[in-house]
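Read through the structure below, which is laid out as structure tokens, and then see the notes.
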Amino acid sequence: MCGIIGFLSDGRGSMPVAAIEQLADSVAHRGPDARALFVDEAAGVALGHLRLAIVDPTETGSQPMTSPSGRFVMVLNGEIYNFKDIRRDLDLHGGRKWRGTSDTEVLLNAIETWGLARTLEISDGMFAFALWDRHSGELTLARDRFGEKPLIVARTAGGLAFASQLGGLMAMPGFSNESDDDAIEEFLAFSYIPEPRTPFRDAFKVPAGTYCTLRQGDGAIEPVTYWSASAAAVAAQRDKAVAPEQVAEVKSAIEARLRTVVGNQMLADVPLGAFLSGGIDSSLVVALMQEVSTRPVKTFTIGFEEEAYNEAGDARRIAAHLGTDHTEFTLSWNEALGLVDRLPDFYDEPFADSSQLPTYLVSRTARSAVTVALTGDAGDEVFGGYNRHAIAAKYGQWLERTPSFVKAGIGRALSGPAQSQTLENVLRSVGIGRNIRLLGEKAGKVAAMLRSSDRYALYQSLVRRDDGLMGDAVIARAFSKPHEEAAEARLDLPGYMMLMDTLTYLPGDILTKVDRASMAVALETRAPYLDHRLFELAWRLPSGEHIKNGRTKTVLREMLSKRVPDALMDRPKAGFGVPIAAWLRGPLKDWLVTHAGAFSRQNPQHAGRISRAMAALEAGSPSVHHFLWNVVMLQLWRDRHQPAGASTAARRAAAGTL
């Protein structure tokens, strides 16, 4: 895992070499082991690589790397897990003289032998890379299937710049910092900016599973899809296992594939370990690691002083059962509070999932002993692990068939802080919430869910984090394209929600959070559940095999029960959050007032929403703190990275031109 940057001139001016060096500086934390630039001023191209040496840490693995013929130059961020298999296939062609043992060299040879399309098709991994073709004068930017590794492109006055993170792109000469107000509104609603948007009109994220081929002077940038999660899900559903023997066969194949993936992802020439939260996903990954390892796996977890947020004891017991070399760090809330103002340094784009704090801290703890850590990320998305999936499985038909006016009436009656406890009691009485931590906070989402008119609105009501303040138009706009893909798949309601999570929440929130937190301390993380063959196998099962009797992730639970006693796993699902509501009402109250007030003055179009949110917080709202956390995280980011502060809409309003 590394940082990559680059520039493709429009041919009308000289190469901004000093700015390109500064762009490399902006991602230097991602690759502290080596730094190198390839610059061809005549061709108008520059590629840069900041290296975190994981595989072949010698000089033969250095980048930018040139292909054997000299035609291609590449910079790669990430890992190709099956590169040894690809290398063996290439050796069958004969006559190859390998310089080293890196996956980058294998990837270049594969592209030179079979072309880009086939190479992407056969490569398993997490990656973002830039490939310069000296013969055609084309620059290709590609991103892995699920969007594990980031890649952002920006238009400047002199051409196109790209980088692993947004920060340095803002300083490129001729980059317009004109705000994308739609993206900002979506951030305030969801705590992240859905792909491919960024906070700026002239910068975008290369979508997961696509590549872009650029030539000097190109204006339009057209991503080409080489793999689609929705298409893969549809294809798998055509081969859906329905007979008991078919289901058993697919489950066996899933277990075998996951074991293979874990083994492949343990390949590294540096110390390796795993995050262990005590939940199903990470526990199964660690159990499989132990099975293929010759020594105790190093595991890491974070403990919390507030018991409602603390899974450290669970993780400790699982580590003891599996026999891992376990490290536990107890989080001091004072230490966490001290990091709040530093979050924009780690996340140089607006980001406000509050679990960003413990994710950074567990990454920092792990980095003291290892350079690579496997995680349980994406187990929820691929195997049906969120509470919304369970609700959809149990009440999907009722939710979709009951007239809207009936549901809306119930939802209105059960909305608001005064009714949240009543709703919580009702949910528990009908069997919802048995395994849901902090149900009171989620009760408001259920009320909003009942007011939803269709499955798209239903999904949005469960994932939005603005307490309804941003309005439905913003919400409907944010995920319209993923919704179209999921709708075309004609899935049942749980399947629809799982696919929507894979297309939106996974790359936009989960993978962004883990990438920025881990790379802030130069730690590579790997997610075994994000293997496209495993994904396709999982989708061959009916949703009823993933969620049974209100219990999520049944397939993973069955695998884990062979390795860990059920008694250690039978507890409410816990997240990785922090007590934001208590902080904003207590030690961060003055901080909230200061930053929310500044945001209101700079963005008067949102002042009314913020005023209502502040009043609701004081009145005891169980969920409005998420919106206010979004506001202050955005303001902190602007103070650090966008000094102009006000949005485009606010500046136009002030000038009387809106």
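Looking only at residues in the range 348-405 that are farther than 29 Å from residue 532 by Cβ and of a type in the set (Phe, Trp, Tyr), the one that is least open to solvent (accessible area, probe 1.4 Å) is 395. Scan the range 547-561 and give yes if some residue there is of a type in the set (Ser, Thr, Tyr), within 23 Å of the chain's Cα centre (by Cα) and either closer than 24 Å to residue 346 by Cα or surrounded by fewer than 20 Cβ atoms within 10 Å (Cβ to Cβ) (or both), otherwise no. Scanning the range 547-561, I find no residue that is of a type in the set (Ser, Thr, Tyr), within 23 Å of the chain's Cα centre (by Cα) and either closer than 24 Å to residue 346 by Cα or surrounded by fewer than 20 Cβ atoms within 10 Å (Cβ to Cβ) (or both), so the answer is no. Taking into account only those residues within the range 208-255 that are free of Cβ contacts under 8 Å to residues at least 40 places away in the same chain and in a loop (DSSP other than H, G, I, E, B), which is nearest to the chain's Cα centre (by Cα)? Among residues in the range 208-255 that are free of Cβ contacts under 8 Å to residues at least 40 places away in the same chain and in a loop (DSSP other than H, G, I, E, B), the one nearest to the chain's Cα centre (by Cα) is 223.
Candidates are the residues of the range 1-22 that are part of a helix (DSSP H, G or I) and touching a strand residue (DSSP E or B) at 6+ places or on another chain (Cβ under 7 Å); the one that is most open to solvent (accessible area, probe 1.4 Å) is 17. Figure legend. Inter-residue proximity from the range 369-381: first residues within 16 Å of residue 511 (Cβ to Cβ), second residues of a type in the set (Asp, Glu) and open to solvent by 10 Å² or more (accessible area, probe 1.4 Å), beta-carbon distance below 6 Å, spacing 6+ or different chains. Indicated pairs: 376/281; 379/281. Of all residues in the range 517-532, which are part of a helix (DSSP H, G or I) and either modelled with pLDDT under 95 or surrounded by 24 or more Cβ atoms within 10 Å (Cβ to Cβ) (or both)? Matches in the range 517-532: 517, 518, 519. Please specify each residue of the range 265-280 satisfying the condition of being assigned to a loop (DSSP other than H, G, I, E, B) and either β-branched (Val, Ile, Thr) or open to solvent by less than 40 Å² (accessible area, probe 1.4 Å) (or both). Selection gives 268, 270, 276, 278, 279. Among the candidates 114, 98, the residue that is of a type in the set (Phe, Trp, Tyr), in contact with a Ser or Thr (Cβ under 9 Å, 6 or more places away or on another chain) and without any contact (Cβ under 8 Å) to a residue 24 or more places away in the chain is uniquely 98.
Restricting attention to the range 477-505 and to residues that are part of a helix (DSSP H, G or I) and of a type in the set (Gly, Ala, Ser), the residue that is nearest to residue 552 (Cα to Cα) turns out to be 495. Please verify whether residue 50 is in a helix (DSSP H, G or I) and open to solvent by less than 30 Å² (accessible area, probe 1.4 Å), treating the condition exactly as stated. Here the answer is no, as residue 50 does not meet what is asked. With respect to being without any contact (Cβ under 8 Å) to a residue 60 or more places away in the chain, at negative phi and open to solvent by 20 Å² or more (accessible area, probe 1.4 Å), residue 566 fits the description. Looking at residue 540, is it in contact with a Lys or Arg (Cβ under 7 Å, 6 or more places away or on another chain), open to solvent by 10 Å² or more (accessible area, probe 1.4 Å) and assigned to a helix (DSSP H, G or I)? Considered against the rule, which asks whether it is in contact with a Lys or Arg (Cβ under 7 Å, 6 or more places away or on another chain), open to solvent by 10 Å² or more (accessible area, probe 1.4 Å) and assigned to a helix (DSSP H, G or I), residue 540 comes out as no.
Checked against (1) surrounded by fewer than 16 Cβ atoms within 10 Å (Cβ to Cβ); (2) under 16 Å from residue 383 (Cα atoms), residue 231 passes all but a single condition, namely (2). The listed residues are 25, 40, and the only one of them that is within 16 Å of residue 168 (Cβ to Cβ), at pLDDT 95 or above and open to solvent by 10 Å² or more (accessible area, probe 1.4 Å) turns out to be 25.
Residue 340 versus (1) over 30 Å from residue 259 (Cβ atoms); (2) in contact (Cβ under 8 Å) with a residue 60 or more places away in the chain; (3) open to solvent by 10 Å² or more (accessible area, probe 1.4 Å): which is the lone unmet condition? For residue 340, the failing item is (3).
Meeting the requirement of 1 or more residues that are crowded, with 23+ Cβ neighbours inside 10 Å and without any contact (Cβ under 8 Å) to a residue 60 or more places away in the chain, the strands (runs of 3 or more DSSP E) wholly within the range 129-170 are 152-156.
Among the conditions (1) in a loop (DSSP other than H, G, I, E, B); (2) more than 17 Å from the chain's Cα centre (by Cα), residue 377 misses just one, which is (2). Candidates in the range 256-274 are the residues that are charged (D, E, K, R) and touching a residue at least 60 places away in the same chain (Cβ under 8 Å); of these, the one that is nearest to residue 377 (Cα to Cα) is 257. Of the candidates 200, 187, 204, the single residue that is over 28 Å from residue 82 (Cα atoms), open to solvent by 20 Å² or more (accessible area, probe 1.4 Å) and either modelled with pLDDT under 95 or within 23 Å of the chain's Cα centre (by Cα) (or both) is 204. In the set (1) under 19 Å from residue 229 (Cα atoms); (2) open to solvent by 10 Å² or more (accessible area, probe 1.4 Å); (3) not charged (D, E, K, R), the condition left unmet by residue 126 is number (2).
For every residue, the table says whether it meets (1) modelled with pLDDT of 90 or more; (2) open to solvent by 60 Å² or more (accessible area, probe 1.4 Å); (3) polar (S, T, N, Q); (4) part of a helix (DSSP H, G or I).
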{"residue": "587", "(1), (2), (3), (4)": "yes, yes, no, no"}
{"residue": "594", "(1), (2), (3), (4)": "yes, yes, yes, yes"}
{"residue": "597", "(1), (2), (3), (4)": "yes, no, no, yes"}
{"residue": "607", "(1), (2), (3), (4)": "yes, no, no, yes"}
{"residue": "634", "(1), (2), (3), (4)": "yes, no, no, yes"}
{"residue": "650", "(1), (2), (3), (4)": "no, no, no, yes"}
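Restricting attention to the range 64-75, does a residue exist that is open to solvent by less than 70 Å² (accessible area, probe 1.4 Å), in contact (Cβ under 8 Å) with a residue 40 or more places away in the chain, in a strand (DSSP E or B) and hydroxyl-bearing (Ser, Thr, Tyr)? Yes, the range 64-75 contains a residue that is open to solvent by less than 70 Å² (accessible area, probe 1.4 Å), in contact (Cβ under 8 Å) with a residue 40 or more places away in the chain, in a strand (DSSP E or B) and hydroxyl-bearing (Ser, Thr, Tyr).
Checked against (1) free of Cβ contacts under 8 Å to residues at least 24 places away in the same chain; (2) surrounded by fewer than 19 Cβ atoms within 10 Å (Cβ to Cβ), residue 614 passes all but condition (2).
Selection of first residues in the range 445-473 that are open to solvent by 20 Å² or more (accessible area, probe 1.4 Å) and of second residues that are in a loop (DSSP other than H, G, I, E, B) and at pLDDT 90 or above, restricted to Cβ pairs under 6 Å at least 6 apart or on distinct chains, gives the following pairs, ordered by first then second residue: 465/191; 467/623; 467/624.
The values are calculated or read from the model by the stated rules, or taken from the named source; none is laboratory data. Quick caveat: nothing in here was measured; it's all calculated off a predicted structure. Because the Cβ atoms are built from the backbone with ideal geometry, glycine has one as well, and the counts that use them run over all protein chains shown. Note: areas computed on protein heavy atoms with side chains; ligands, DNA, RNA excluded. Shrake-Rupley method; radii C 1.70, N 1.55, O 1.52, S 1.80 Å.
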